[in-house]
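The values are calculated or read from the model by the stated rules, or taken from the named source; none is laboratory data. A quick note: this is a predicted structure, and the numbers were derived from the prediction, not measured. A quick note on method: Cβ atoms are made from the backbone with ideal geometry, for glycine too, and the neighbour counts reach across all protein chains shown. We work out accessible area using only protein heavy atoms, side chains counted, and drop any ligands, DNA or RNA first. Shrake-Rupley method; radii C 1.70, N 1.55, O 1.52, S 1.80 Å.
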Amino acid sequence: MFAPEPGVRKFTAREAGSGRLLGFIFFDAVSEAWQVVGYYANVTRMVPDAHPGVLNLLVSNFMDRSVQ
C-alpha cells in the first residue's frame, strides 16, 4: 500500500523521464515507551532490470532525511 500509514516512512525510486517505478523501501517505526527510537526496513522491492544500487540509494536517502 503506497498510501500514508502512521509510523511508516516510504521511499520510492523512479526512472527519470518515464517515471517507471524501479524500487521502494518501507521503514516501520520501532518504539520504546511510546517513543520512536528508530526504524527498520520492513519491505524492500525492486524490479529485476533495475540497477543493483537502487536499494542502496533509497537507504541513503532515508538516512539523510532521518538525521535532519
Kindly give Rg over Rh for the chain, based on alpha-carbon atoms, with the Kirkwood expression for the hydrodynamic radius.
1.01
By how many degrees, 0 to 90 and rounded to 10, does the Cα axis of helix 54-66 deviate from the longest principal axis of the chain?
40 degrees
Förster radius 25 Å - calculated FRET efficiency between A33 and M1, Cβ distance, rounded to 0.05:
0.35
Percent accessible area from carbon and sulfur atoms, the chain, protein chains only, probe 1.4 Å
56 percent
Per-residue [θ]222 nm for the chain (sum of -39500 (n - 2.57) over DSSP H runs n ≥ 4, rounded to 500):
-6000 deg cm²/dmol
